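Contents: one structure, followed by commentary.
The values are calculated or read from the model by the stated rules, or taken from the named source; none is laboratory data. Predicted model, so just to flag it, every value in this text is computed and none were measured. Ideal geometry is used to build each Cβ from the backbone, glycine not excepted, and the neighbour counts take in all protein chains shown.
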Amino acid sequence: MNKKIKYLVAPNPKDKKLTKDITGFDESFKRIKTKVIVEKDLTIYLNNQEIVTLMTVGDHPKYLAVGYLLNQNMLKFNDQI
């Protein structure tokens, strides 16, 4: 089943800002180099008031903020942003 998924906002796995190179050990204690996802904090403000701080991988922060505020009924679909 090799069905292509269509996203409204697609992730970009080639974005180098989303990962960090690290050196670690595998299950056999062999030294390996790999990439890990880097999480960042994102504080959302509404009308100059801090609402919440979320953890995110950092891609599409505006969509995350607007989606959160819509989900919490702090914004309506016809509000001006």
In the set LEU64, LEU70, LEU54, which member is in contact with a Phe, Trp or Tyr (Cβ under 8 Å, 6 or more places away or on another chain), surrounded by 11 or more Cβ atoms within 10 Å (Cβ to Cβ) and not in a strand (DSSP E or B)?
-> LEU70
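The rows are residues; the columns are (1) free of Cβ contacts under 8 Å to residues at least 40 places away in the same chain; (2) closer than 25 Å to MET74 by Cα; (3) of a type in the set (A, V, I, L, M, F, W, C).
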| residue | (1), (2), (3) |
| --- | --- |
| ILE5 | yes, no, yes |
| LEU8 | yes, yes, yes |
| PRO13 | yes, no, no |
| LYS20 | yes, no, no |
| ASP41 | yes, yes, no |
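For the stretch 1-46, enumerate the residues that are in contact with a strand residue (DSSP E or B) (Cβ under 7 Å, 6 or more places away or on another chain), among the polar types (S, T, N, Q) and under 24 Å from TYR68 (Cα atoms).
Filtering the stretch 1-46 for residues in contact with a strand residue (DSSP E or B) (Cβ under 7 Å, 6 or more places away or on another chain) gives 18-26, 31-45.
Checking which are among the polar types (S, T, N, Q) leaves us with 19, 23, 34, 43.
The answer is THR19, THR43.
Rundown of residues vs (1) in contact with a Leu (Cβ under 9 Å, 6 or more places away or on another chain); (2) modelled with pLDDT of 95 or more, yes/no style:
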position	(1), (2)
ALA10	no, no
THR23	no, yes
SER28	no, yes
GLN49	no, yes
ASP59	yes, no
Only one of (1) modelled with pLDDT under 95; (2) more than 23 Å from PRO11 (Cβ to Cβ) is not met by ILE32, so which one is it?
-> (1)
